[in-house]
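K.L.:
Take a look at this one; I'll ask things after.
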Amino acid sequence: MDVAALGAKDFRSHNPRFTGEALTTNQAIAGTVRKVAEAKGVTAAQVALAWVYAQQERLGVPVAPIPGTKRVKWLKENIGALDVTLTDDELAQLDPLASQAAGSRY
């Protein structure tokens, strides 16, 4: 991602997770998610949501992510994540990523 190309009104242009060393770390995380997505023929967003759904088994409680979106196109993509099943190998690649996120949230 080229942060310099983001508009001034784009939230990411002011988010600490998209600056300096945090940007580099978080881009590597996103790269891993993209690789899993490409191998499955789905989007990175669908893999991210499928990972959240997969936490139900580990946590022992139902999980319902609430992704924000303004467009029907993205809503349909998000719903498509319900059809994505991650293998144990894919989960092993993705599980450690959550603790690696760098930069404060806002």
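The values are calculated or read from the model by the stated rules, or taken from the named source; none is laboratory data. All figures in this text were calculated on a predicted structure; none of them were measured in a lab. For neighbour counting, all protein chains shown are included, and Cβ atoms are generated from backbone atoms with ideal geometry for every residue, glycine included. For the accessible areas, the whole protein counts, side chains as well, though only heavy atoms, and no ligand, DNA or RNA atoms are used. Shrake-Rupley method; radii C 1.70, N 1.55, O 1.52, S 1.80 Å.
Rundown of residues vs (1) closer than 26 Å to SER104 by Cα; (2) touching a Ser or Thr at 6+ places or on another chain (Cβ under 7 Å); (3) touching a residue at least 12 places away in the same chain (Cβ under 8 Å); (4) hydroxyl-bearing (Ser, Thr, Tyr), yes/no style:
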site: HIS14; (1), (2), (3), (4): yes, no, no, no
site: PHE18; (1), (2), (3), (4): yes, no, yes, no
site: ASN26; (1), (2), (3), (4): yes, no, yes, no
site: VAL33; (1), (2), (3), (4): yes, no, yes, no
site: LEU82; (1), (2), (3), (4): no, no, yes, no
site: THR85; (1), (2), (3), (4): no, no, yes, yes
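K.L.:
Shifting gears a bit: If you take the residues of region 16-59 that are closer than 14 Å to LEU97 by Cβ and basic (Lys, Arg), which of them is most open to solvent (accessible area, probe 1.4 Å)?
P.N.:
Per the stated criteria, the residue is LYS35.
K.L.:
Would it be correct to say that ALA48 is outside any loop (DSSP other than H, G, I, E, B) and at pLDDT 95 or above?
P.N.:
Here the answer is yes, as ALA48 does meet what is asked.
K.L.:
Restricting to region 1-15, and then to whatever is part of a helix (DSSP H, G or I) and not polar (S, T, N, Q), can you tell me which residue is surrounded by the fewest Cβ atoms within 10 Å (Cβ to Cβ)?
P.N.:
ALA4
K.L.:
Follow-up question, since we're still on this one. Could you tell me which residue of region 93-106 is farthest from the chain's Cα centre (by Cα), considering only residues that are in a loop (DSSP other than H, G, I, E, B) and surrounded by 11 or more Cβ atoms within 10 Å (Cβ to Cβ)?
P.N.:
Ranking the qualifying residues of region 93-106, first place goes to GLY103.
K.L.:
In addition: Among what's in region 60-92 and is open to solvent by 90 Å² or more (accessible area, probe 1.4 Å) and not charged (D, E, K, R), pick the residue that is modelled with the lowest pLDDT.
P.N.:
ILE66
K.L.:
Right, something else. Here are some conditions: (1) at positive phi; (2) assigned to a helix (DSSP H, G or I). THR25 meets all but one. Which one does it not meet?
P.N.:
Going through (1) at positive phi; (2) assigned to a helix (DSSP H, G or I) one by one, THR25 breaks only (1).
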